[in-house]
């Protein structure tokens with residue numbers, strides 16, 4: 001296989017031959033592109049909705065598979081997808097979704113309520129080992145089944161009333177449930193295809209999908225190509241005939257390919273280049289519902305000591321980091337970002353090097369040279385390297401401890417987390433829905449995203465038991481804030497910043513909007529000559 005960098009170099013040479021004078025190809029031709037090209041940052045680990053759990057995979061998966069609902073491209077509110085409508089019981093526990101009778105898979109077979117039942121139970125099946133199974137825990141007995149406490153899938157609150165009617169019973173009221181079921185974990189898969197091809201079912205020659213697009217080509221480390229699904233129920237309103245996702249990990253290359261007109265959209269802009277591109281007509285910035293943080297393996301010494309973890313957290317100057325990145329990102333002292341309706345996060349980890357030194361002394365490290373060596377893991381992006389180097393420098397300067405840094409490929413890094421083979425590692429959590437629980441639930445003891453090994457029974461009780469059963473919004477918010485205060489005090493994580501996402505979008509693209517989750521269903525997008 002030709003190395004990825006060589007492929008990109010070839011593409012760039014061809015592009016530069018056609019596009020000169022520092023202008024994009026878009027300005028050189030009156031013809032609108034025949035494909036939307038997305039600079040997607042990394043090779044997707046999977047395209048199986050039950051397995052994928054990173055945003056680069058989700059970018060592709062949400063075009064291939066459609067849930068009961070879909071995200072509105074601007075507000076992210078739930079709009080009808082496979083379900084044309086839905087009802088809710090007076091107690092808020094039972095949702096009934098009515099599926100449209102013209103929804104079909106890409107092979108022409110009908111999409112039915114049984115497809116959703118099979119797919120959701122597959123996500124929850126312990127043998128699937130889905131990293132996003134927790135998203136379905138709102139459903140009655142879903143968590144018990146996923147944890148092996150009950151072995152009968154019939155106990156889960158998912159009932160097929162008839163081929164076009166799906167009824168869901170919840171553990172407790174979830175007012176945002178229609179938005180929740182647009183998440184990739186709730187999107188259906190084609191049972192016959194999965195059972196016939198096993199872990200090879202996502203290959204282009206096998207995949208059957210139900211979204212506006214179907215997979216036609218997947219060349220590892222080169223491109224993923226989707227084409228319009230001729231059997232999609234709303235095909236007449238899908239205006240982009242083809243979509244290509246390019247796994248460009250190098251941000252400088254990603255930016256150059258965007259400026260040269262090779263790609264039409266990219267979020268991978270080198271931090272030091274943001275100031276240079278301000279004022280461009282194709283630049284837009286959106287506040288993201290995410291938090292960039294370092295997670296600590298609390299089972300490894302000395303990170304099993306809360307005082308050490310707190311010291312590391314207090315010794316980070318977040319404002320200096322965001323000013324160095326120079327993109328307008330917001331320093332974060334809590335896990336949950338600001339801007340969540342009805343919730344004000346606690347101020348948990350302000351920069352305080354004197355207090356950090358005192359905590360390290362209290363933990364038995366009067367001589368910082370005796371502090372055990374450890375390594376920060378991060379995946380391949382210039383931003384991550386820069387943050388790691390800044391953290392390395394701050395911990396040396398403010399605490400006198402030596403820290404190593406190591407770059408890993410994204411899939412290797414995720415494997416290190418899953419196997420708990422790390423000291424400290426970079427992570428970004430992007431909210432699945434606009435509620436603090438989407439952040440706080442990941443540090444519960446039952447969360448498959450809690451790679452830190454941190455467990456606190458009081459935190460679990462607040463997040464998993466008390467808050468979900470509290471119907472009063474103000475009281476519920478106070479319970480969640482109490483839980484977050486515990487989390488920040490015990491510090492299994494070091495929050496660093498919330499992204500303000502600079503993106504470059506071809507000005508001819510319409511129906512593609514900045515939003516807090518950076519989710520972009522391309523069925524709503526199209527090209528139009530820029531004015």
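The values are calculated or read from the model by the stated rules, or taken from the named source; none is laboratory data. Source: prediction; values computed, not measured. Because the Cβ atoms are built from the backbone with ideal geometry, glycine has one as well, and the counts that use them run over all protein chains shown.
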Over region 113-127, the set of residues surrounded by fewer than 19 Cβ atoms within 10 Å (Cβ to Cβ) and farther than 11 Å from residue 158 by Cβ is 125, 126, 127
Residue 279: passes all of (1) in a loop (DSSP other than H, G, I, E, B); (2) at negative phi; (3) surrounded by fewer than 18 Cβ atoms within 10 Å (Cβ to Cβ) but (2)
Yes or no: region 485-504 includes at least one residue that is out of contact with any strand residue (DSSP E or B) (no Cβ under 8 Å at 6 or more places or on another chain), modelled with pLDDT under 95 and buried (at least 23 other Cβ atoms within 10 Å of the Cβ). no
Given the conditions (1) under 21 Å from residue 251 (Cβ atoms); (2) touching a residue at least 40 places away in the same chain (Cβ under 8 Å), every one holds for residue 434 apart from (1)
>> Considering only region 409-420, I want to know if a residue exists there that is in the same structural domain as residue 298 (by TED's automatic domain parsing), in contact with a helix residue (DSSP H, G or I) (Cβ under 9 Å, 6 or more places away or on another chain) and over 30 Å from residue 70 (Cβ atoms).
In response: no
Out of (1) in a helix (DSSP H, G or I); (2) farther than 22 Å from residue 346 by Cβ; (3) without any contact (Cβ under 8 Å) to a residue 40 or more places away in the chain, the one residue 319 does not meet is (2)
Within region 430-440, residues under 21 Å from residue 54 (Cβ atoms), at pLDDT 90 or above and touching a helix residue (DSSP H, G or I) at 6+ places or on another chain (Cβ under 6 Å) come out as 440
Of the residues that make up region 458-469, is at least one within 15 Å of the chain's Cα centre (by Cα), surrounded by fewer than 21 Cβ atoms within 10 Å (Cβ to Cβ), over 21 Å from residue 350 (Cα atoms) and at pLDDT below 95? no
Might you let me know whether region 367-390 holds any residue that is assigned to a loop (DSSP other than H, G, I, E, B) and farther than 27 Å from residue 413 by Cβ?
-> yes
Practice task
Would you mind stating whether residue 488 is assigned by TED's automatic domain parsing to the domain that holds residue 375, within 30 Å of residue 90 (Cα to Cα) and not in a loop (DSSP other than H, G, I, E, B)?
Solution key: no
Flagged in region 207-225 as under 15 Å from residue 107 (Cα atoms) and buried (at least 19 other Cβ atoms within 10 Å of the Cβ), in numbering order, are 207, 208, 209, 210, 211, 212, 213, 214, 215
Taking region 70-88 and keeping residues buried (at least 22 other Cβ atoms within 10 Å of the Cβ) and farther than 21 Å from residue 514 by Cβ leaves 81, 82, 83
Discussion item. Any residue that is surrounded by fewer than 21 Cβ atoms within 10 Å (Cβ to Cβ), in a helix (DSSP H, G or I), out of contact with any strand residue (DSSP E or B) (no Cβ under 8 Å at 6 or more places or on another chain) and at pLDDT below 95 - is there at least one of those in region 391-405?
Written reply: no
Note on region 89-112: residues within 18 Å of residue 169 (Cα to Cα) and surrounded by fewer than 16 Cβ atoms within 10 Å (Cβ to Cβ) are 89, 90, 91, 92
Per the filter on region 282-298, residues modelled with pLDDT of 95 or more and not in a strand (DSSP E or B) are 297, 298
